[in-house]
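Remarks on the structure that follows.
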Amino acid sequence: MQMQEQDARRHLVRAVVASTVGTSIEWYDFFVYGSAASLVFRKQFFPDSDALTGQLLAFGTYFVGFAARPVGAAIFGHYGDRIGRKATLVSTLVLMGIGTFLVGLVPPYASIGIMGGVLLTVLRALQGIGVGGEWGGSVLLSMEWGANTRKRGFIASWPQFGVPLGLLLSNGIFSATNALTGPDFDTWGWRVPFLLSIVLVGIGLYIRLGILETPVFTRLLEQRRTSAAPVGEVLRRNWREVILTCLLRTGQQAPFYIFVTFVLAYGTGTLGLTNQEILNDVLIASAVSLFTVPLFGYLSDRVGRRLTYIVGAAAMALWSLPYFGLLDTRVPALMLTAIVLAQAIHDIQYGPQAAFIAESFPPRLRYSGASLGYHLASVTAGGPAPIIATQLLSTYHSSTPIAIYMIVCALISLVSAALLRDRTSEDVDIDHDEHVVQSAPSLSHANLPQR
């Protein structure tokens, strides 16, 4: 029994590590595009447009990645619920890595004209499809190996930890490349972070190929209880949860992409900062998130997902106006405070979010349901946020309307969290709608699949 428990814990640790490392690499790929869209793409691919139009076009190619994420969620959710979490996660990592590497090879407008922008859009769509399948599988790989209901929030927060780690890597490499290449950064230096991604993908694949399928999905296969059409079934059976988990993310995701993407353009274009100054501030904020994401995942195990999330959404609403107020002072210490606190407040929602969403769906439909709910918000919240913020700033010449937009988003999340069932203390490896499902074993009694 003790040996079985040690094996289960060993596989849990390996699953968490594989999820976190793989997710970090995928989000590095996704975020490095956002940094380039804010700082470089207008000059390299849309130079004939005025500053506002060029920035909107750059953010438009950025939005394509968000629009493609629900497509990836549906495709990989189907296979993740049909053939397993592991195989699907290997595929998403390869797809994301190829798309990112090829972005670094796209010729500029001066060489091929508008075709450069077209190629960017296609490759951004590949990135979006890849990350659309990544999140759900990574969360389930961790959470379904951690059957102990008292620690699900903390365990599922580690794939979320991959987001600030990926952001830290992307901004760190961007910042280092900017410092090393100097005036050549805008012409060729920006390509280096994209080309380096192929090395990170190789590392991620090596780690992921060594893990086992989760005991929850293995049991579904043994009982022949996988769904023939999981996406259609989850939309029929759990449409309410899909909608609520999508809306749940509004007050987390829209502010997040204002904090990490729009702020780069706002800091350099409106506040007169250099690329290096604003990248450094976002870099520090990302480092803080390495601690706050798992912290709030852990706290949600103690006080409940719903309460933690509601507090986070309320804090976001209260913080939105002070955030821009501090940025607009142009005082370096106050700006750094604004950017760092914004990320920490965001993490009150983001830490427990993975478990809160995944727990809302039954095991046989969980990959599809959680992925769709999570990534539909990319179209309604995350993707449009930098574009909306840019347009509001251009129209009103003030940051206040952007803050009001963030407040509305936060209130949507608060109401959605209040309406979504809190399953923190439930055994979510039981499908209560199907009486033939047996209870999942505890961590110490897991039936470990063989290699």
Rounded to 10°, Cα long-axis angle of helix 191-208 versus longest principal axis of the chain: 10 degrees
I want the local charge near G22. Using Cβ-Cβ distances under 9 Å, sum +1 for each Lys or Arg and -1 for each Asp or Glu among the other residues. -1
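Per DSSP helix of 4 or more residues, -39500 (n - 2.57); summed, then divided by the residues of the chain. What does that give at 222 nm, rounded to the nearest 500?
On the way: 19 runs with 340 residues, N = 451.
Per the formula, -25500 deg cm²/dmol.
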Going by C-beta contacts inside 10 Å, put H78, H397 in order with the fewest on the left. H397, H78
Bin all alpha-carbon pair distances of the chain at 20 Å intervals from 0 and give each bin's fraction as a whole percent. 27, 57, 15, 0
In terms of the charge dipole of the chain, which places +1 on Lys and Arg and -1 on Asp and Glu at the beta carbon, the residue among G232, G104, L89 farthest towards the positive end is G232
Net charge of Cβ neighbours under 12 Å - reference A228; Lys, Arg +1; Asp, Glu -1: +2
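What does the charge count around Y79 come to, taking other residues whose C-beta lies under 12 Å from its C-beta (Lys +1, Arg +1, Asp -1, Glu -1)? Write out the running numbers ahead of the final one.
Values: positive: R82, R85, K86; negative: D81.
Charge balance near Y79 sits at +2.
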What is the chain's relative contact order, in percent, from Cα pairs under 8 angstrom and six or more apart in sequence? 26 percent
Suppose the chain between F291 and R224 were pulled fully straight at 0.36 nm per residue; how much longer would it get relative to their current alpha carbon spacing? 20.1 nm
Between R14 and H397, what length comes free when the chain is fully extended (0.36 nm per residue of separation minus the Cα-Cα distance, one decimal in nm)? 132.9 nm
Which distance in nm do the two modelled labels at R240 and T329 give, with both placed 7 Å along the Cα-to-Cβ direction? 4.7 nm
Put +1 on the Cβ of each Lys and Arg and -1 on the Cβ of each Asp and Glu in region 2-424; which of G383, L273, Q160 then has its Cα farthest toward the positive end of the dipole? Q160
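Every number in this text was worked out from the coordinates using simple rules, so none of it is lab data. What you see is a predicted model; the values in this text were computed from it and never measured. For neighbour counting, all protein chains shown are included, and Cβ atoms are generated from backbone atoms with ideal geometry for every residue, glycine included.
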